[in-house]
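Here the structure comes first, spelled out in structure tokens, and everything after it is commentary.
The values are calculated or read from the model by the stated rules, or taken from the named source; none is laboratory data. Owing to the predicted nature of the structure, the values given are computational and were not obtained by experimental measurement. Cβ: placed from backbone, ideal geometry, glycine included. Neighbour counts: every protein chain shown. Surface accessibility is based on the protein's heavy atoms, side chains included, excluding ligands, DNA and RNA. Shrake-Rupley method; radii C 1.70, N 1.55, O 1.52, S 1.80 Å.
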Amino acid sequence: MSALAKASGALKSVDYEVFGRVQVVSVLALIVLSHYFPNQYTEQEAKKLGVVGWVKNTSQGTVTGQVQGPEEKVNQMKSWLSKVGSPSSRIDKTNFSNEKEISKLDFSDFNTRY
């Protein structure tokens, strides 16, 4: 277990899916930026909070992923995913699933999947 995990108590893992206007939808954006927005903001926030996992745009227009880390930090990320998001997003709903305590992190950082 990392020093961060030991100092922060229990580790948590949670899957998420964000619904609303959460992806860039123009044709140019789809070709050039679809893998960058709003995922860059999700990555930045995750790294700022010190959580690990991943984020990905789906073909249904949602954003999905997984977050792992100390419980308090995961809860802060869940709040950001539910209420803040990227500057151009409109979050209608965020679903969280498979929330559980874990003994070790499955990831070493937070990144965008394609």
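At-a-glance table
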| quantity | calculated |
| --- | --- |
| Residues within the stretch 10-57 that are aromatic (Phe, Trp, Tyr) and either at pLDDT 50 or above or open to solvent by less than 40 Å² (accessible area, probe 1.4 Å) (or both), tallied | 4 |
| Flag for GLY61 being more than 13 Å from the chain's Cα centre (by Cα), in a strand (DSSP E or B) and modelled with pLDDT under 90 | no |
| Filtered residue count, the stretch 83-94, keeping only those that are in contact (Cβ under 8 Å) with a residue 40 or more places away in the chain and within 18 Å of GLU45 (Cβ to Cβ) | 8 |
| Subset tally (residues that are surrounded by fewer than 15 Cβ atoms within 10 Å (Cβ to Cβ) and among the basic types (Lys, Arg)) for the stretch 64-98 | 3 |
| Residues that are outside any loop (DSSP other than H, G, I, E, B), open to solvent by 100 Å² or more (accessible area, probe 1.4 Å) and not basic (Lys, Arg), drawn from the stretch 99-114 | GLU101 |
